[in-house]
1. Please find, among 59, 79, 30, the residue that is at pLDDT 85 or above and either farther than 22 Å from residue 212 by Cα or polar (S, T, N, Q) (or both).
2. Filter the stretch 223-279 down to residues that are modelled with pLDDT of 85 or more and of a type in the set (Asp, Glu), then give me how many there are.
3. So residue 88 fits all but one of (1) modelled with pLDDT of 90 or more; (2) within 25 Å of residue 145 (Cβ to Cβ); (3) in contact with a strand residue (DSSP E or B) (Cβ under 6 Å, 6 or more places away or on another chain); what number is the exception?
4. Identify the residue in the stretch 97-143 that is small (Gly, Ala, Ser) and touching a His at 6+ places or on another chain (Cβ under 8 Å) and, among all such residues, is nearest to residue 75 (Cα to Cα).
5. If you check every pair at least six apart or on different chains, which have Cβ atoms under 9 Å apart with a residue in the stretch 161-181 that is exposed (fewer than 14 other Cβ atoms within 10 Å of the Cβ) first and a residue that is of a type in the set (Ser, Thr, Tyr) and not in a loop (DSSP other than H, G, I, E, B) second?
6. Residues that are outside any helix (DSSP H, G or I) and among the β-branched types (Val, Ile, Thr): does the stretch 155-164 have at least one?
7. Which members of the stretch 163-194 meet the condition of being more than 26 Å from the chain's Cα centre (by Cα) and either of a type in the set (Gly, Ala, Ser) or within 16 Å of residue 61 (Cβ to Cβ) (or both)?
8. Name every residue in the stretch 205-235 that is of a type in the set (A, V, I, L, M, F, W, C) and crowded, with 19+ Cβ neighbours inside 10 Å, in order of residue number.
Amino acid sequence: MWRREAGTVVRRVTAVPGPTAFAIIAGRHVPRVPTEWAPHSHPLHELVWVRGGTLTSRVEDRVFTVSEGHGLWMPAGVVHGGRATAGAEFHDAFFAPDRTPDAFAFEEPRAIAMTPLLESLLTHLSRTDLDAAARARAESVVFDVLRPSERQFALHLPGDPRIDAVAEALLDDPADGRSLEEWARWLGISDRTVTRAFRRATGLSFAQWRQVLRVHRALTLLSEGFDVTTVSETLGYAQPSSFIAAFRRIMGTTPGAFFDAADAVPGDVRNPVSRVQNS
């Protein structure tokens, strides 16, 4: 994924939840330093969300960025790795597949709208003193209110050996401003081949794909408290207004309004792919 931050602690998941008598097991912890989890999977479905930071997860050829107000549903058995920013309040809930309604039998990761009610219910279920009846009532309401976001926000990596090196280089340094022609010369292929490969693999042109990638990275930087000017410089924009315009084009709102909305009433992420394709 992104270049690893200095001081990042890499953890291996050793205590993998197994079969449980409950439908839902919820928990919470706060990493004091940037934390990375090595690729792993669970026998249970997992829902993760954060407060005061972001979580980035890579699943095969996709990168998901979970910002405040949103969650990520990871189906049982799907191999994934992730990173949480320092100080982020990290929440997770595990769902027993045999006690989870068929409506949530997703085969792929899904963005989830973390409404205040859903968060409150899952926090309630993290208690250890609930009797069986109280737990069953709360679990039932969770399944009533848990809904996928109408639009998903995932960065699709090409998965094409002709251009994968470009994608990985930009993940490492989103500010790399080399033009399409310069990248093509670096790869030793034509710029037309690069353009066709990106469009076929991701549905976006090279320029559009790089914009989406930079917004993914911007969500993390902004959630860590960096101001718009610093973020725009870090991502290679000539001036903050250019960054704000790109963010608005993809997310449908300015960076400040996006995070204000997440703080006020958590809702759905917007669909950057359709916005970029239509711009």
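The values are calculated or read from the model by the stated rules, or taken from the named source; none is laboratory data. Since this is a predicted model, take the numbers as computed values, not measurements. Positions of Cβ are generated from backbone atoms using ideal geometry, with glycine treated the same way; all protein chains shown enter the neighbour counts.
1. Of the residues listed, the single one that is at pLDDT 85 or above and either farther than 22 Å from residue 212 by Cα or polar (S, T, N, Q) (or both) is 79.
2. Within the stretch 223-279, residues that are modelled with pLDDT of 85 or more and of a type in the set (Asp, Glu) number 2.
3. (1)
4. For the stretch 97-143, the residue satisfying everything is 111.
5. Sorted first by the residue in the stretch 161-181, then by its partner, the pairs are 175/234.
6. yes
7. 179, 184, 188, 190
8. Hits for the stretch 205-235 are 206, 209, 212, 213, 215, 218, 219, 221, 222, 228, 231, 235.
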